[in-house]
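Q: Handing you this structure, nothing more for now.
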Amino acid sequence: MDVVSDALFDGRPVRILTVLDANTREALSIAPRASFRAFDVVSELDRLARERGGRRC
């Protein structure tokens, strides 16, 4: 899991939460937003866990 930050051409910030499987190198989730709060990250991880049948945070 990592958050990548950049800016759009007009200066607005954009952040992308990426979740990768280290074994298969599969991108499990790529979620772009203007900003991420802890609640947003937990929500995305919960969604991913529900989708893949894993444990919830």
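FYI, it's all coordinate maths here, none of it is from the lab. Please read all numbers here as calculations on a predicted model, not as lab measurements. Note: ideal-geometry Cβ built from the backbone for every residue, glycine included; neighbour counts use all protein chains shown.
Q: Which of the trypsin sites (Lys or Arg not before Pro) found in the stretch 3-47 are in a DSSP loop and have at most 15 neighbouring Cβ atoms, other than their own, within 10 Å? Don't skip to the end; give the middle numbers.
A: Numbers: sites: Arg15, Arg25, Arg33, Arg37, Arg47; in loops: Arg25, Arg37.
Passing sites in the stretch 3-47 are Arg25, Arg37.
Q: Looking at the chain, which GluC sites (Glu not before Pro) are DSSP coil and have at most 10 other C-beta atoms within 10 Å of their C-beta?
A: Numbers: sites: Glu26, Glu44, Glu51; in loops: Glu26.
Within the chain, the qualifying GluC sites (Glu not before Pro) (loop, at most 10 other Cβ atoms within 10 Å) are Glu26.
Q: Treating only the Cβ atoms of Lys and Arg (+1) and Asp and Glu (-1) as charged, compute the dipole magnitude of the chain about its Cα centre; round to the nearest 20 debye. Could you put the intermediate results ahead of the total?
A: Details: 10 positive and 9 negative charges, 47 e Å.
Taking the Cα centre of the chain as origin, the dipole is about 220 debye.
Q: Hey, another quick one. Please list, in chain and number order, the residues 5+ apart from Ser29 or on another chain whose amide H is under 5 Å from its amide H, with Hs placed from the backbone.
A: For Ser29, the qualifying residues are Val19.
Q: In whole Hz and in residue order, list the ³J(HN,Hα) couplings for the stretch 24-29 that follow from phi through the Karplus curve 6.51 cos²θ - 1.76 cosθ + 1.60, θ = phi - 60°; x for Gly and Pro.
A: 9, 6, 7, 7, 7, 7
Q: Please determine, in degrees from 0 to 90 and to the nearest 10, the orientation of helix 38-52 with respect to the longest principal axis defined by the Cα atoms of the chain, where the helix direction is its Cα long axis.
A: The angle comes out near 40 degrees.
Q: While we're looking at this one, here's another question. Report the net charge of residues surrounding Arg15, where surrounding means a beta-carbon distance below 10 angstrom and charges are Lys +1, Arg +1, Asp -1, Glu -1. Write down the numbers at each step before the final one.
A: Numbers: positive: Arg33; negative: Asp6, Asp40.
Neighbour charge sum, excluding Arg15 itself: -1.
Q: Would you work out if the chain is rounded, prolate or oblate? Take a ≥ b ≥ c from the square roots of the eigenvalues of the alpha-carbon gyration tensor; rounded if a/c is under 1.5, else prolate when a/b is larger than b/c, oblate otherwise. Write down the numbers at each step before the final one.
A: Working: a/c = 3.20, a/b = 1.70, b/c = 1.88.
Judged from the Cα gyration tensor, the chain comes out oblate (a/c at least 1.5, b/c at or above a/b).
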